[in-house]
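The values are calculated or read from the model by the stated rules, or taken from the named source; none is laboratory data. This is a predicted model, so every value here is computed, not measured. Glycine also receives a Cβ, built like all others from the backbone with ideal geometry; neighbour counts cover every protein chain displayed.
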Amino acid sequence: MPGNLPKRQGRRPITIRGPIHVQCTDNGDDRRLRGIIEKVMAWPHVEADPLPIGSKNFLSLQLAGDAPVRDHSVFISGREFGKVLFGSPTIYLALPLEWAHWAIVRGWAEPHFSSSFGVMPPGVMVVYTPRDAYETAVCRSLFWVSHNFSLSDSEKNSPQLGFARV
């Protein structure tokens, strides 16, 4: 449930807001983010490709072409539900509006700059990169929400979202 999303501890990271909206501070260990991406790429119907504009430092996460989708308007673009920038570690996820709301209120995310101009759907968020094992688990859960939100109801998996502090 989105209302169960825990409060993120500490201050929000500094971001540069613009067409390329990036997180500038408090990025945590790059290995945590790469570990999340390895797990996400193993999920059903997920394809990952470097974006042509960003080479290997910019990864696009999409639903495979054979996966039935819920609604094409929920994607960042095409069938893309997430992006990750590794050079200046930043996570972009398309979340359901209720989850996006709680991610903002609880300190996990901020709306992507381009969504305020209608260039991206309103649920596209810059999700702050994890600083520790607990935040890694929460971020992985947000990726799961984004992934499941994109799938048609017949393909959805039961989410394993546990937010208890370890």
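Restricting region 25-50 to residues that are among the charged types (D, E, K, R) and touching a Pro at 6+ places or on another chain (Cβ under 9 Å), the residue that is surrounded by the fewest Cβ atoms within 10 Å (Cβ to Cβ) is D30. For region 89-113, filtering for residues that are among the β-branched types (V, I, T) and either part of a loop (DSSP other than H, G, I, E, B) or touching a Ser or Thr at 6+ places or on another chain (Cβ under 8 Å) (or both) leaves 2. In the set (1) aliphatic (A, V, I, L, M); (2) surrounded by 14 or more Cβ atoms within 10 Å (Cβ to Cβ); (3) without any contact (Cβ under 8 Å) to a residue 12 or more places away in the chain, the condition left unmet by L5 is number (3). If the condition is being in a loop (DSSP other than H, G, I, E, B), closer than 20 Å to V127 by Cα, modelled with pLDDT of 90 or more and not hydrophobic (A, V, I, L, M, F, W, C), then region 30-79 contributes only R79.
Any residue in region 65-82 that is hydroxyl-bearing (S, T, Y) and farther than 21 Å from S115 by Cα? No - not one qualifying residue is present in region 65-82.
Going by the conditions given, is A137 within 14 Å of F81 (Cα to Cα) and of a type in the set (G, A, S)? Against the criterion (within 14 Å of F81 (Cα to Cα) and of a type in the set (G, A, S)), A137 does not qualify. Of everything in region 114-143 that is modelled with pLDDT under 95 and part of a helix (DSSP H, G or I), the residue that is surrounded by the fewest Cβ atoms within 10 Å (Cβ to Cβ) is F117.
So how many residues does region 63-79 have that are in contact with a Phe, Trp or Tyr (Cβ under 9 Å, 6 or more places away or on another chain) and closer than 25 Å to G18 by Cβ? Going through region 63-79 one residue at a time, the tally reaches 3.
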